[in-house]
Amino acid sequence: MNIFAIRLKPDEDLRQSLIHFVQQNNIQAGFILTGVGSLKQATLRFASQNYSQVFKQQFEIVSLVGTLSTHGIHIHISLSNRQGKTLGGHLLEGCIIYTTAEIVIGTSEDFVFLRTMDESTGYQELEIQPKNPSLN
């Protein structure tokens, strides 16, 4: 496993920054080990919804999880507001860093994470392939 640590700064878009980092480092099978920080705006898609919601307020990032690849990313985020109430969902563009985001990413050299259409769900879902099929 390889490990990368990044810090995002104010006004950066969390999702766009992660996509850029994955492309720049040619990550084929990555996963978020931990992520904390704060947002001044959150854009999320909730379960079983086909639309996004924008929240223009400050949040603490209390959890960030998901898979990363040059073939696509799938990340969920949990946020806490000033009263400590939490909400979470699918990370979309429009999650804007307030003070910082500290993210640690792990990668595997054994796999490639693809995104392929799953007819049963109607979504691009994770397809895990061995990086070197001849070794299996």
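Note on region 39-120: enclosed strands (runs of 3 or more DSSP E) holding 1 or more residues that are in contact with a helix residue (DSSP H, G or I) (Cβ under 8 Å, 6 or more places away or on another chain) and touching a residue at least 12 places away in the same chain (Cβ under 8 Å) are 59-69, 72-80, 86-91, 96-107. Name the one entry in G35, G106, G30 that is surrounded by fewer than 17 Cβ atoms within 10 Å (Cβ to Cβ) and closer than 19 Å to M1 by Cβ. From the options G35, G106, G30, the qualifying one is G106.
K131 falls short on exactly one of the conditions (1) over 16 Å from the mean Cα position of the chain (by Cα); (2) at pLDDT 95 or above; (3) charged (D, E, K, R); (4) farther than 22 Å from I6 by Cβ, and that condition is (2).
Restricting to region 1-38, name every residue that is assigned to a loop (DSSP other than H, G, I, E, B), closer than 18 Å to E93 by Cα and not acidic (D, E).
Residues satisfying the conditions are K9, P10.
Does T100 qualify as being within 18 Å of the chain's Cα centre (by Cα), more than 29 Å from S38 (Cα to Cα) and surrounded by fewer than 17 Cβ atoms within 10 Å (Cβ to Cβ)? No; evaluated as a whole, the condition is false for this residue.
The values are calculated or read from the model by the stated rules, or taken from the named source; none is laboratory data. No experiment lies behind these values; they were computed from the predicted model shown. Positions of Cβ are generated from backbone atoms using ideal geometry, with glycine treated the same way; all protein chains shown enter the neighbour counts.
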